[in-house]
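The values are calculated or read from the model by the stated rules, or taken from the named source; none is laboratory data. In this text, all values refer to a predicted model and were calculated from it rather than measured experimentally. Glycine also receives a Cβ, built like all others from the backbone with ideal geometry; neighbour counts cover every protein chain displayed. Quick note on the areas: whole protein, heavy atoms, side chains included, nothing else; ligands and nucleic acids left out. Shrake-Rupley method; radii C 1.70, N 1.55, O 1.52, S 1.80 Å.
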2 protein chains.
Amino acid sequence: MALDPGVLAELESIVGREHVRHREGEVAPYARDATPLFSSPPDAVVFPARTEEVAAVLRLATAHRVPVVPRGAGSNLCAATVPLQGGILLVLTRMDRVLEISTEELLVRAEPGATTATVAEAAAAQGLLFAPDPGSRTVSTVGGNVATCAGGLRGLKYGVTRNYVLGLEVVLPTGEVIRTGGRLWKDVAGYDLTRLLTGSEGTLGVITEVTLALLPMPATASTGVAYFSSLADAGRAVTQVLAHGVVPATLEFLDHTCIGAVEDYARLGLRTDAGALLLFGDDGEPDAVERNLTRMGELCADEGALEVTVAKEVAQSEALLAARRCSLPALSRLDTLTVLEDVTVPRPRLAEMVDRIEAVAARHDLVIGTFGHAGDGNLHPTAVIDARDPAAADRTHAAFAEIFAAALELDGTITGEHGVGAAKLPYLRDRLGDDQMALLARIKTAFDPAGILNPGKTGS
Amino acid sequence: MALDPGVLAELESIVGREHVRHREGEVAPYARDATPLFSSPPDAVVFPARTEEVAAVLRLATAHRVPVVPRGAGSNLCAATVPLQGGILLVLTRMDRVLEISTEELLVRAEPGATTATVAEAAAAQGLLFAPDPGSRTVSTVGGNVATCAGGLRGLKYGVTRNYVLGLEVVLPTGEVIRTGGRLWKDVAGYDLTRLLTGSEGTLGVITEVTLALLPMPATASTGVAYFSSLADAGRAVTQVLAHGVVPATLEFLDHTCIGAVEDYARLGLRTDAGALLLFGDDGEPDAVERNLTRMGELCADEGALEVTVAKEVAQSEALLAARRCSLPALSRLDTLTVLEDVTVPRPRLAEMVDRIEAVAARHDLVIGTFGHAGDGNLHPTAVIDARDPAAADRTHAAFAEIFAAALELDGTITGEHGVGAAKLPYLRDRLGDDQMALLARIKTAFDPAGILNPGKTGS
């Protein structure tokens, strides 16, 4: 279904002809985001430069009932920005300015298309930390981070994106521009639209400016590693760490499959005989960091760690973190298609969940490696299959359906930080129930009466 | 307007006759909450004991279009629980059990009527901290804390109630029971109803269970005090503290009027010649606390503090905090009616806001003392007037209207932590604008199509 020529002409007059793409070859690259197995081209790709242009596009789209899918870098992993019903893909990467960093107010104001890394580096240059740390930070945009409520490696100590959003400028699907929140740490005037829009995945409004809280940069950071025979042992060590009053910046795990893949890939000298690897780290004042690292190392040893090493210097610390950071590329090398998933369970049930994943993988004859955030109970089971084998893709879908069901059985959720998008929507009802699904649809209508914004996703 | 006798009989059959009050003398004490100058009696006061009873009451109310106002302790300061249109006051204080404390998962699950202090003490008994610390904590309920997104003295370092709500059980006005969130630190499945309901002041649903995050109890805490000639000097000291990488647990201020009133009341030996008093404090490991206290003291001295004292022992620390905690009772003694307000401005504009408040007080011939949370930019201007003088009440209303307008002019908000309720609703449009007000009303309708829940408040 092509766009009405009149609509196309209006789009061109709003953003300028050079900022609209609509020929088949031009729109084809925008059919996908970072999610495998989902593809659907838009009818037009539109690159606005200002809030007023976004508002004009949305008014036009509502008037003509044309779907609009807002998108930043397209680095999301749940097909949240795949234009399932065609229409307009509204790409916000031209709006990429960091507008302000206030060292006095500890905040940054930016346009949505600024990358996470750009914002974090601009803050760091002023001695400030942007705490959310999603894996995609070098390419992901802050607008996308807010739209997906992105998580990352520092969630336990620092929380997720939601905890840092102070204010938003948002264009409603009907074209009104609203400003929620502001520059304030405390503000309870009206419903918390700031948080409702955070994580709404482009279904309720288009974010055109973000105001995000920053923190003083920690003076130092350090990392240690512990190997265990099993993830159950590692899980007990995590529980002991928290029970001893330490809420560390880093508590990441790799299962046996991941350890092997990473060692094969990066030759870091990891112990491939171990059943699980636990990275633990903290940041802050040097004496506190040293004390916490020592304490965590001792607690790991008490829980039967095969080996514990605390980094003596920054370079060693970086090398250890590299083991976690390269889990995904390392697993990817095992075959031609990588399906990275994202479930969360209550922290004490982490080992049980990994056991379930292993059983599912065996049942479906799949290689699934699992790594993730042990402190949050947030796991990333990752299947690696032959892209040319449709049967393997089917087995992967079936396996993940069972993994989501297992997470729910263990009081967990179907997505901890990646989002619902199109990929998880079939499982959302199992998580929320009929009454809550109906309520989400009514909320969606309150924002988007014509249903033009990111249709076929949450709220549709 | 009395309740239909059939509805009354049904209410009695749902919760038991002894848990419904409807005679004039019985309902009169429930006409008010802790907010002065607002009063309107309910037709019936109903005390449910279980979620199913709450659901049955709401189904009945929706069917018969009877207003329902949910209430905990009624300690809110914005007339959020005054039943403006009569109907049913649904008091949740019988549902007051602490259901679970998990030291492994760092969370507490409780019924809404449990008091904040009860929950905090149950957590403390297990070595855990419930971080939100509203002034009303000994009487306020956790359900009310969530419904108002209560703040408190530790907001800068620890955030507000919103940051600790992991999951809710909520009864919708139409009677469906939904569970949002759960026991998870990371969960992005669906719109963030947990946060939308937090701070919705009983207009969207009735909270029947809360799951709240806890933290390890800090090993120690300490407090210091600095006197300044002016609030402008104190404000600069606050900026310097944050600029030096310290995010302390406590940064509270009292203006000259408050210092005098507190000293008169409690004889703590405060310097009544000072223009402002700044309390600074931190908690955590002893060495870090000592270092931060010393650093903050030095920074205050650098900014021209008249005098700086860091507590040498716990008792001295407690005495200093008492100065802040008794500000309100101390001010109350100055006359017969106390109107405590709540605005927030960006932190660097704190001194400017206090200047504005002083000018407004002088213009309207009122005594207004201001104290509050310097780290959050959250101020509590407090007018003390003669309760028998209607002209003074009028001048107070006029003065606060000007104070709210001044806060908005300075990029602030009309309420930082107390809420909107009936008291601030006339000013909400100035804060949010027409488009956002219309959106709030549509969201309200998505939850409450019959408009029975807390009518005449936000969303109405």
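So how much accessible surface do A and B hide from each other in total, probe 1.4 Å, in square angstrom to the nearest 100?
Chain pair A/B: roughly 6400 Å² of buried accessible area.
If each of B:Ser39 and B:Glu290 carries a label point 7 Å out from its Cα toward its Cβ, how far apart are those two points in nm?
Result: 5.6 nm between the two label points.
Which ³J(HN,Hα) values in Hz, rounded to whole numbers, follow from the phi angles of segment A:22-29 under the Karplus curve 6.51 cos²θ - 1.76 cosθ + 1.60, where θ = phi - 60° and Gly and Pro get x?
So the Karplus estimates, Gly and Pro as x, are 9, 6, 3, x, 7, 8, 3, x Hz.
Please list 3J(HN,Hα) in residue order for segment A:430-447, calculated via the Karplus relation 6.51 cos²θ - 1.76 cosθ + 1.60 where θ = phi - 60°; whole Hz, with x for glycine and proline.
4, 7, 9, x, 5, 5, 6, 4, 5, 5, 4, 5, 5, 5, 3, 5, 4, 8
Quick check on segment A:101-160: take the gyration tensor over C-alpha atoms, sort the square-rooted eigenvalues as a ≥ b ≥ c, and tell me if it's rounded (a/c under 1.5), prolate or oblate.
Verdict is oblate for segment A:101-160.
Taking the solvent-accessible surface of protein heavy atoms with a 1.4 Å probe, what is the per residue accessible area of chain A in Å²?
34 Å²
As I understand it, the value is the acute angle between the Cα axis of helix B:256-266 and the longest principal axis of the Cα atoms of chain B; what does it come to in degrees, rounded to 10?
80 degrees
Mark the label point 7 Å from the Cα of A:Ala125 along Cα→Cβ and return the residues of segment A:71-104 whose backbone N is within less than 14 Å of it.
Counting only backbone N, you get A:97-103.
From the backbone phi of segment A:201-215, what are the Karplus-calculated ³J(HN,Hα) couplings (6.51 cos²θ - 1.76 cosθ + 1.60, θ = phi - 60°) in whole Hz, Gly and Pro given as x?
Along segment A:201-215, the couplings run 6, x, 9, 10, x, 10, 6, 10, 7, 10, 10, 10, 6, 10, 10 Hz.
Calculate the spin-label point distance for A:Asp335 paired with B:His397, positioning each point 7 Å from the Cα along the beta-carbon direction, and give it in nanometres.
Inter-label distance under the simple model: 7.2 nm.
Report, as an integer, the average count of C-beta atoms from other chains found within 10 Å of each Cβ along A:192-201.
Partner Cβ neighbours, averaged per residue: 6.
Take the residue pairs A:Lys157/B:Lys186; B:Lys424/B:Lys444; A:Lys186/B:Lys157 and return only those whose Cα atoms are more than 21 Å apart.
Exceeds cut-off: none, every pair is within range.
Would you please classify the overall shape of chain B from the alpha carbon gyration tensor, given that a ≥ b ≥ c denote the square roots of the eigenvalues, rounded means a/c under 1.5, and beyond that prolate means a/b larger than b/c while oblate covers the rest?
prolate
Between B:Glu318 and A:Arg50, what is the label-to-label distance in nm when each label sits 7 Å out along the Cα-to-Cβ direction?
6.2 nm
Any idea which of A:Gly235, A:Leu3, B:Ile414 is furthest toward the positive side of the dipole for the protein assembly as shown, if Lys and Arg beta-carbons carry +1 and Asp and Glu beta-carbons -1?
Looking along the dipole axis, the top candidate is A:Leu3.
Does anyone have the angle between helix B:5-15 and the longest principal axis of chain B? Alpha-carbon axes, 0 to 90°, nearest 10?
In chain B, helix B:5-15 runs at an angle near 70 degrees to the longest axis.
Let me know the charge dipole size of segment B:5-91 about its Cα centre in debye, to the nearest 20, where only the beta-carbon of Lys, Arg (+1) and Asp, Glu (-1) is charged. Let's see the in-between values first.
On the way: 8 positive and 9 negative charges, 29 e Å.
With Lys and Arg at +1 and Asp and Glu at -1, about 140 debye.
Along Cα→Cβ at 7 Å, what distances in nm separate the A:Thr309 label point from those on the other copies, shortest first?
Those label-point separations list as 5.4 nm.
Quick one: divide the alpha-carbon radius of gyration of the protein assembly as shown by 2.2 N^0.38 Å and tell me what you get.
Ratio of Rg to 2.2 N^0.38 Å for the protein assembly as shown: 0.94.
Specify, for chain A, the residue whose C-beta is closest to the rotation axis mapping it onto chain B, with the distance given in whole Å.
Its Cβ sits closest to the axis: A:Arg195, 2.
Amide H neighbours of B:Val165 under 5 Å, at least 5 residues apart or on other chains, H built in the peptide plane: list them.
Result for B:Val165 returns B:Ala213.
What size of dipole, in debye to the nearest 20, comes out for the protein assembly as shown about its Cα centre when the only charges are +1 on Lys and Arg C-beta atoms and -1 on Asp and Glu C-beta atoms?
Its charge dipole is roughly 1240 debye.
Below 8 Å, C-alpha to C-alpha, sequence gap of six or more: please give me the relative contact order for chain B in percent. Please list the in-between numbers first.
Working: 1036 pairs, mean separation 71.5, N = 460.
This gives 16 percent for chain B.
Nearest 10 degrees, 0 to 90: what angle lies between the long axis of helix A:51-64 and the longest principal axis of chain A (Cα atoms)?
Helix A:51-64 sits roughly 70 degrees off the main axis of chain A.
Of the accessible area of segment A:278-405, with the probe set at 1.4 angstrom, what percent is carbon plus sulfur?
Of the solvent-accessible surface of segment A:278-405, carbon and sulfur hold 53 percent.
In terms of the Cα gyration tensor, with a ≥ b ≥ c the square roots of its eigenvalues, is segment A:220-326 rounded because a/c is under 1.5, prolate because a/b exceeds b/c, or oblate?
oblate
Just how large is the dipole of chain A about the Cα centre, in debye to the nearest 20, putting +1 at every Lys and Arg Cβ and -1 at every Asp and Glu Cβ?
Numbers: 40 positive and 59 negative charges, 156 e Å.
Using only the charged Cβ atoms, the result is roughly 760 debye.
Between copies, how far apart are the B:Ala359 label points? List them in nm, one decimal, shortest first, with each point 7 Å from Cα toward Cβ, please?
Label-point distances to the other copies, shortest first: 7.1 nm.
Would you list which aspartates and glutamates come within 20 Å of B:Lys457, measuring only between C-alpha atoms, while excluding same-chain residues fewer than 8 positions from it?
A:Asp187, A:Asp192, B:Asp33, B:Asp43, B:Glu201, B:Glu341, B:Asp342, B:Glu417, B:Asp430, B:Asp434, B:Asp435, B:Asp448
Could you work out, residue by residue across A:165-173, how many beta carbons of other chains sit within 10 Å of that residue's beta carbon, and then give the average as an integer?
Per-residue shielding by partner chains comes out at 1.
What does the copy distance list look like for A:Glu52, label position 7 Å along Cα→Cβ, in nm and ordered from shortest?
Distances between equivalent label points, in nm: 6.1.
To make sure I understand the rule: partners must be aspartates and glutamates, Cα under 14 Å from the Cα of B:Lys312, and not fewer than 8 residues away in the same chain. Which ones qualify?
Once the sequence-local aspartates and glutamates are set aside, what remains near B:Lys312 is B:Asp282, B:Asp287, B:Glu290.
Just to be sure I follow the definition: excluding the sites themselves, where is the longest run in chain A that has none of the trypsin sites (Lys or Arg not before Pro) in a DSSP loop with at most 14 other Cβ atoms within 10 Å?
A:98-266
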